[in-house]
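The values are calculated or read from the model by the stated rules, or taken from the named source; none is laboratory data. Bear in mind that the values here come from a model prediction, so they are computed numbers and not experimental data. Backbone-built Cβ (ideal geometry, glycine too); neighbour counts: all protein chains shown. Note: accessible area is taken over every heavy atom of the protein model, side chains too, but ligands, DNA and RNA are not part of it. Shrake-Rupley method; radii C 1.70, N 1.55, O 1.52, S 1.80 Å.
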Amino acid sequence: MRQSSLVVVANRLPLDDSTAPDGACEWRRSPGGLASALHAILQQTPATWVGWAGGTGEAPSLPDIGTLRIRPVGLSADELHGYYEGFANSTLWPLYHDAVEQPVFDRGWWETYRDVNRRFAEAAAEVVEPGGAVWVQDYHLQLVPQLIRELRPDVLIGFFLHVPFPPPELFMQLPRRVELLRGMLGADLVGFQRPQAAHNVAQLAVKLLGAPVTANDQITVDGRTVRTGAFPVSIDVTEMQALAARPDVRDRARQLRTDLGRPRRVLLSVDRLDYTKGIEHRLTAYSELLRDGRVKVRDTVMIQVAVPSRERVENYRVLRDRIEGEVGRINGEYGRVGETAIHYLNQPFDRADLAALYQTADVMVVTPLRDGMNLVAKEYVAARADDAGALVLSEFAGAAAELADAFLVNPHDVDGLKETLLHAMEADQRDLERRMAAMRAHLTSHDILAWARAYLTALDRTGRIAAWLRR
Ligand code: ADP
Ligand code: F6P
């Protein structure tokens, strides 16, 4: 068994199986923030990534990606249902996102979630070197830190939550709240996107575990000190800038504009098709602007990219039907022959196509109802080396704390959203350039590498692990 000094454990591997046009199975990069973020920094690091490769049955054997070793974990059909679709994505996901959809508390899912967490913990415990470090990611694996501690008390354990951690009164609804809290506090360092999340966890530790906490949210559990803190995740800025600068990508962006009929303005949204992303509120706002004649299909086009996600979960299927119905209604009502109101694309794109789309967009509309970070907002800023374009950004995305020069908006307030869209569409060029330049400057020094270094340096104060990351 090959062992590594750094082991990353995440639900998904950075690869997803998909079917090529000729029917063959091929592997491609997974969509979604976590895989995008970590894939960027780990491929040149002597680390192992433990995760699920998608699909059900025996884990496939997968080759290394550069120097990164891959350790797949298999899931049976029942496990996929109880662990991934059930407890992770129908209980924790909605609850952690302000319960924008009702969380489901199904007692049968808990045991599967616990068993699968144990399997991930065992795989990690097998491949980590003595005295090494294991970095566990996200809500799917919240019990893993404690389970690893039981198996390998010699290793450093980090946990990072990519999604929001809810206010205590919401977390208190969880039937298994004590186990989930204890599981996460098995880590030496628990990282979040926002400082408020760490305060929430500290409050819960006092309330549920009677644990002593300090003013800076350090928590004492079982005689150990668990450190907590905010480490806002980011993107590979250099990669996005390089893509956006490629002549073929710039040509593609120009071609896209031509294909769209050379509108005066292009609005773009890029989301996983998820009810947290605020797609319906956005469509309502846009359709009312068309209805009121404040936006004309003659000169404005909206593109909504909505990559399919968690399609076997009922809420997601229902959402997709509702969105597709609404897009059809808007196009039927306001479109003309050769003038489509909304271009709706329910498909994955490669990074170069995304970069071209970002360059085509005069207004990027990122309006989740709640989002841990939202990397799409950061990708858009990184792609705009020309300092042109406007970013409309929800106050409820973690990214809003860093991108204060965006056009910030409360997406629940449809009237406010309409005004903000118009404001962004009509803003003068100098204002746009100032905003974009400020956001780009921030991102340049706060990229994915800076995030990983900050987290890993805090986890291992000797700086040994952070030193392996590229550049
Ligand atoms: P989440 O983590 O909820 O999926 P983020 O906005 O943080 O949301 O991250 C989404 C990631 O998925 C981004 O890196 C984005 O580029 C990528 N992505 C979004 N839509 C697509 C798509 N249609 N094809 C490929 N990648 C996509
Ligand atoms: O950011 C939240 C998250 O669950 C990530 O862990 C994941 O990369 C992304 O959303 C996509 O979700 P899924 O893995 O369910 O397709």
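Listed values, structure above:
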quantity: Residue within the range 456-467 that is in contact with a strand residue (DSSP E or B) (Cβ under 7 Å, 6 or more places away or on another chain) and within 16 Å of ligand 1 (Cβ to nearest atom) present; calculated: no
quantity: Index of the failed condition, Arg149 passing every other in (1) touching a strand residue (DSSP E or B) at 6+ places or on another chain (Cβ under 8 Å); (2) open to solvent by 10 Å² or more (accessible area, probe 1.4 Å); (3) within 16 Å of ligand 1 (Cβ to nearest atom); calculated: (3)
quantity: Criterion: in the same structural domain as Ala383 (by TED's automatic domain parsing) and within 16 Å of ligand 2 (Cβ to nearest atom) - qualifying residue of Arg294, Arg257, Arg317, Arg250; calculated: Arg317
quantity: Search result, residues across the range 332-344 that are open to solvent by less than 60 Å² (accessible area, probe 1.4 Å) and among the hydrophobic types (A, V, I, L, M, F, W, C); calculated: Ala341, Ile342
quantity: Flag if Trp110 is assigned to a helix (DSSP H, G or I), within 18 Å of the chain's Cα centre (by Cα) and either at pLDDT 95 or above or not hydrophobic (A, V, I, L, M, F, W, C) (or both); calculated: no
quantity: Residue list for the range 98-131, filter: touching a strand residue (DSSP E or B) at 6+ places or on another chain (Cβ under 9 Å) and within 15 Å of ligand 2 (Cβ to nearest atom); calculated: Val116, Phe120
quantity: Any hit, the range 25-36, residues being open to solvent by 20 Å² or more (accessible area, probe 1.4 Å), touching a helix residue (DSSP H, G or I) at 6+ places or on another chain (Cβ under 9 Å) and modelled with pLDDT of 75 or more; calculated: no
quantity: One residue from Ala390, Ala382 being in contact with a strand residue (DSSP E or B) (Cβ under 7 Å, 6 or more places away or on another chain), open to solvent by less than 30 Å² (accessible area, probe 1.4 Å) and hydrophobic (A, V, I, L, M, F, W, C); calculated: Ala390
quantity: Scan of the range 294-331 for residues that are among the small types (Gly, Ala, Ser) and surrounded by fewer than 19 Cβ atoms within 10 Å (Cβ to Cβ), ordered by number; calculated: Ser309, Gly325, Gly328
quantity: Some residue of the range 325-340 being under 25 Å from Val376 (Cα atoms) and either within 13 Å of ligand 1 (Cβ to nearest atom) or charged (D, E, K, R) (or both); calculated: yes
quantity: Residue that is farthest from ligand 1 (Cβ to nearest atom) [pool: residues in the range 252-293 that are open to solvent by 30 Å² or more (accessible area, probe 1.4 Å) and of a type in the set (Gly, Ala, Ser)]; calculated: Gly293
quantity: Per-region count, the range 228-244, residues in contact with a Gly (Cβ under 8 Å, 6 or more places away or on another chain) and either assigned to a loop (DSSP other than H, G, I, E, B) or farther than 20 Å from Val163 by Cβ (or both); calculated: 3
quantity: Unique residue being assigned to a strand (DSSP E or B), over 25 Å from the mean Cα position of the chain (by Cα) and farther than 25 Å from Asn89 by Cα when the list is Val266, Val301; calculated: Val301
quantity: Test: residue in the range 409-416 that is touching a Lys or Arg at 6+ places or on another chain (Cβ under 8 Å) and either assigned by TED's automatic domain parsing to the domain that holds Ile303 or within 16 Å of ligand 2 (Cβ to nearest atom) (or both); calculated: yes
quantity: Members of the range 132-147 found to be touching a residue at least 40 places away in the same chain (Cβ under 8 Å) and either under 14 Å from Leu181 (Cα atoms) or more than 16 Å from ligand 2 (Cβ to nearest atom) (or both), listed by number; calculated: Gly132, Ala133, Val134, Asp138, Tyr139, His140, Leu141, Gln142, Leu143, Val144, Pro145, Gln146
quantity: Check on Ala452, in the same structural domain as Gln218 (by TED's automatic domain parsing), open to solvent by less than 40 Å² (accessible area, probe 1.4 Å), closer than 25 Å to Arg351 by Cα and out of contact with any Gly (no Cβ under 6 Å at 6 or more places or on another chain); calculated: yes
quantity: Count of residues meeting criterion [closer than 25 Å to Arg272 by Cβ and not polar (S, T, N, Q)] in the range 292-340; calculated: 27
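This table checks each residue for (1) modelled with pLDDT of 95 or more; (2) more than 25 Å from the chain's Cα centre (by Cα); (3) at positive phi.
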| residue | (1), (2), (3) |
| --- | --- |
| Arg177 | yes, no, no |
| Leu180 | yes, no, no |
| Met184 | yes, no, no |
| Asp188 | yes, no, no |
| Lys207 | yes, yes, no |
| Gly210 | yes, yes, yes |
| Thr220 | yes, yes, no |
